[in-house]
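The values are calculated or read from the model by the stated rules, or taken from the named source; none is laboratory data. In this text the structure is predicted, and so the values were computed from the model without any measurement. Neighbour counts are summed over all protein chains in view; Cβ atoms, including those assigned to glycine, are modelled from backbone coordinates with ideal geometry.
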Amino acid sequence: MKPLQVLVLLAAAAFAACNSKPSTPASPSETVTGLTISPATDFLKLKGTERFTATARLGDGNTRDVTARWSSDAVHIATVDGGGLVTAVGVGSATIVADYEGQRATRLIQVLPDYAGRWAGEFVVGECSVSGAFQAQWCQQIRASSPFPARLDLVQTRNAISGSWTLQEDATSTVTGTVESNGTLRLQGSVHRGDVTTTISSWESTTADNAVMTGGFTLTWKAGLPGQATTEVTLRNFRKRP
């Protein structure tokens, strides 16, 4: 390269350096200082869905909805798509995460089965014991009459359960209970028919699909006389009905 060409290139570079402007930081309205997830949902029933949105807090104090990168730390419990739609697929807890511009927001979601509604089926009598005025043949008779029809009509608020239990289609009373974190339903209540009181205890049942319930419980029978009869029973063909 000729000396004159070198001088021209050096001069051009110097001119460009003198006229270049330093980069300016993002304005406060463009700086993301925080991130939140809406709505405030932290509970879903199995197979339920909820669409979340991510809102960025800006340096000037304003907020705006943004397109975040969504993820779940337990996809066997809850999945989330690119638009923030969360689907409950298993029982347990999952943390939903939104990431945007170096900021992160999380939401812990609990998923439990949906026990609300009308359940109907049968219960089968297994082990049986008697005391007091109850005679040994009582167990033989009740086993011979088994299975018995039964129905539950339940209302569920998060993990709290209330409703009614109908025994043998002609005795109805209230029941209350809870759903444990592993999805197990526990109930208690009593049914009165004439001078006979039948108490429900040790109820333990589950559902994996919100449609079929399996499990068993204890029924204690008293008839206004000394003693009682206790039976261990199992649910059979117990399904959620329309």
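With respect to Thr106, is the statement that it is under 30 Å from the mean Cα position of the chain (by Cα), touching a residue at least 60 places away in the same chain (Cβ under 8 Å) and exposed (fewer than 15 other Cβ atoms within 10 Å of the Cβ) true?
The answer is yes for Thr106.
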Sort out for me the strands (runs of 3 or more DSSP E) sitting completely within region 77-143 that have 2 or more residues that are small (Gly, Ala, Ser). 92-100, 117-130
Considering region 177-201 alone, what residues qualify as being touching an Asp or Glu at 6+ places or on another chain (Cβ under 9 Å) and modelled with pLDDT under 95? Arg193
Do you know which residues across region 174-183 are in contact (Cβ under 8 Å) with a residue 24 or more places away in the chain and farther than 16 Å from Arg151 by Cα? Val179, Ser181, Asn182, Gly183
Candidates Arg69, Arg118, Arg51, Arg104 - the one that is farther than 22 Å from Arg186 by Cα, among the charged types (D, E, K, R) and in contact with an Asp or Glu (Cβ under 7 Å, 6 or more places away or on another chain): Arg69
